[in-house]
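I have placed the structure first, in the form of structure tokens, so that the comments after it can refer back to it.
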């Protein structure tokens with residue numbers, strides 16, 4: 001039997017976070033089983049942790065994310081605020097989940113993917129499978145729901161949306177609950193006027209109508225949970241949403257004490273029409289958002305493909321088998337969503353799941369509440385090879401790349417880490433000893449967990465470690481961009497270079513979430529950058545709606561103190577930790 005289903009409420013704050021979140025939810029939807037086949041293997045992940053079952057007035061079963069998504073006026077395009085994509089045909093039909101009452105920008109042009117969604121809803125391409133509510137099992141991970149999105153996998157149509165994606169709803173493949181979307185009408189998504197640019201503007205938003213809408217949605221989603229384990233917050237940290245995110249995490253901490261609050265700070269590689277003053281705004285937002293959200297969260301993890309958060313970052317992260325364009329949010333958000341899909345596995349497992357606060361308590365020790373992410377996307381496996389074969393070549397390096405703009409020190413020091421590998425199973429996890437060959441020690445390991453643990457011990461000899469292996473890969477079905485090397489097969493494995501390219505439909509992914517001494521210099525650099533210039537002289541408008549100069553200085557002092565916490569693993573607790581933790585790292589193992 002599966003473990004108790006511990007629900008999570010997801011909150012997405014800002015346009016880039018909604019880009020990442022849209023890819024993330026599309027990945028979750030692609031992994032759901034819509035076929036009412038009792039012989040199909042159960043998923044290794046509990047979908048009910050993230051999704052909620054409902055029913056329309058017409059008796060149709062719905063399965064929608066337990067999600068609150070906040071964005072600015074003008075950011076929805078063809079998506080209705082009520083959660084349903086605008087349809088050209090207004091008639092009621094079987095697959096319509098909600099009747100629209102109004103739409104935003106009704107004349108927006110749809111890309112080929114959205115047009116095909118319309119056709120699928122009208123039954124013009126593929127008929128949906130038969131559906132029986134009796135086969136819907138609580139926390140089963142295999143859900144039969146009559147949505148049009150299950151047809152996308154069967155259609156196998158390749159979309160090239162790079163030139164047509166303007167907003168995140170341009171590639172959203174799922175329906176959302178009517179209480180999911182909250183539009184902030186005080187600020188505009190486009191243009192130069194009424195923009196949410198500064199931390200203080202975001203802080204000031206968390207009152208009045210915005211606060212009422214947020215609390216109403218929180219109460220709705222939380223009160224229907226039986227075993228709420230906490231919240232995962234995706235928040236833009238380059239603009240004023242960093243201030244709103246600070247207030248939202250403070251609200252969650254004050255209102256839902258004891259629940260996990262895992263906050264992921266999202267930053268794109270670039271911003272359109274950037275200027276030196278705008279870059280200064282971004283830097284200050286990074287710094288103030290990081291320390292404030294870390295103070296109010298179980299942990300805070302920056303997620304970005306930037307080379308750094310300073311004014312002069314190094315080139316963006318590169319991956320040997322990805323051909324992504326870092327200037328396209330559609331591409332960079334897809335990479336981060338794949339990483340997030342792996343980084344969050346430990347508290348979504350069907351069996352032997354540990355609640356998110358266990359993960360946080362294991363990583364955020366002694367007040368070190370900022371953690372760093374790393375990923376191998378995809379994990380480099382050659383067709384027909386094994387996990388020991390793939391790892392044996394990494395004697396002095398590691399297969400992953402930074403996902404938090406924080407390079408590893410390379411000296412084996414790490415306070416604790418959680419590692420997840422998904423997409424390998426059976427004989428690919430271990431390797432028999434071949435006659436006539438000198439085997440690597442990893443070839444003697446008896447299980448995939450042992451192989452990965454032994455490999456990591458050679459690089460981190462004394463680090464507390466949690467390892468999770470899933471056989472199910474990340475499924476990159478439409479409209480996920482085909483940003484992959486032509487030398488990958490359909491399952492994401494490396495193949496001979498003389499073979500014709502094909503469409504990649506799934507990927508093995510390796511990820512690591514670390515509390516590391518490398519974060520000390522990273523936080524110190526962020527502090528130095530934020531204190532090098534006086535905002536009263538460089539950009540006086542940054543402080544027009546707060547914080548006060550004294551409050552800002554106090555926050556930056558806390559950032560400097562936090563950086564000191566990563567100097568020595570024997571250091572005492574840092575100032576102002578969120579809470580005293582009693583769960584040890586061993587509880588994760």
- the stretch 167-265: Rg/Rh from Cα coordinates, Kirkwood Rh? 0.97
- Message: Could you order the peptides 268-279, 350-361, 16-27, 551-562 from most to least packed, using the average number of other C-beta atoms within 10 Å per residue?
- Response: 16-27, 350-361, 551-562, 268-279
- Message: Between the stretch 327-402 and the stretch 278-326, how far is it from one alpha carbon centroid to the other, in angstrom?
- Response: 17 Å
- Message: Taking the Cα centroid of the stretch 211-248 and of the stretch 469-503, what is the distance between the two, rounded to the nearest whole Å?
- Response: 35 Å
- If you bin every alpha carbon distance in the stretch 232-376 into 5 Å steps from zero, what whole percent lands in each bin? 2, 9, 18, 21, 20, 15, 9, 4, 1, 0, 0
- Message: If Rh is defined by the Kirkwood formula over all Cα pairs and Rg also comes from Cα, what ratio Rg/Rh do you get for the stretch 342-420?
- Response: 1.00
- Task: Using just the alpha carbons, could you tell me how many Å³ per residue the convex hull of the stretch 332-476 encloses?
- Result: 129 Å³
- On the first, second and third principal axes, largest extent first, how far apart are the outermost C-alpha atoms of the stretch 450-575 in Å? 61, 41, 23
- Compute the FRET efficiency between residue 4 and residue 425 as 1/(1 + (r/R0)^6), taking r as their Cβ-Cβ distance and R0 = 30 Å, and round to the nearest 0.05. 0.70
- Query: Beyond 19 Å, what share of the Cα-Cα pairs of the stretch 212-295 remains, rounded to the nearest whole percent?
  - Reply: 44 percent
- What is the order of 215, 7, fewest Cβ neighbours within 10 Å to most? 215, 7
- Item | Rough spin-label spacing in nm, given labels placed 7 Å along Cα→Cβ, for residue 254 and residue 444 | 5.9 nm
- Query: Where in the stretch 392-423 does the amide nitrogen come within less than 14 Å of the point 7 Å from the Cα of residue 325, taken along Cα to Cβ?
  - Reply: none
- Item | Segment residue 352-residue 525, extension gain: residue separation times 0.36 nm, minus the distance between their alpha carbons | 58.4 nm
- Note on the structure: The answer for the per residue Cα convex hull volume of the stretch 493-554, in Å³, is 253 Å³
- Give the percent of DSSP beta bridges with both residues in the stretch 152-308 that are antiparallel, rounded to the nearest 5. 0 percent
- Per the rule of 0.36 nm per residue minus the C-alpha distance, extending residue 211 to residue 397 adds in nm 62.2 nm
- Please work out how much length the chain gains when fully extended from residue 109 to residue 53, using 0.36 nm per residue of separation minus the C-alpha to C-alpha distance, in nm with one decimal. 17.0 nm
- Where labels lie 7 Å past Cα in the beta-carbon direction, separation of residue 497 and residue 314 in nm: 2.6 nm
- Query: For the stretch 437-500, what Kirkwood radius comes out of the mean inverse Cα-Cα distance, in Å?
  - Reply: 15.2 Å
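Of the listed peptides 498-505, 337-344, what is their order by residue-averaged count of other C-beta atoms within 10 Å, with the highest listed first?
Working: 498-505: 12.9, 337-344: 25.9.
So the order, starting with the most tightly packed, is 337-344, 498-505.
Only the coordinates and a few stated rules stand behind these numbers; no lab work does. Computed from a predicted model, the values in this text were never measured in an experiment. All Cβ positions, glycine included, derive from the backbone under ideal geometry; neighbour counts span all protein chains shown.
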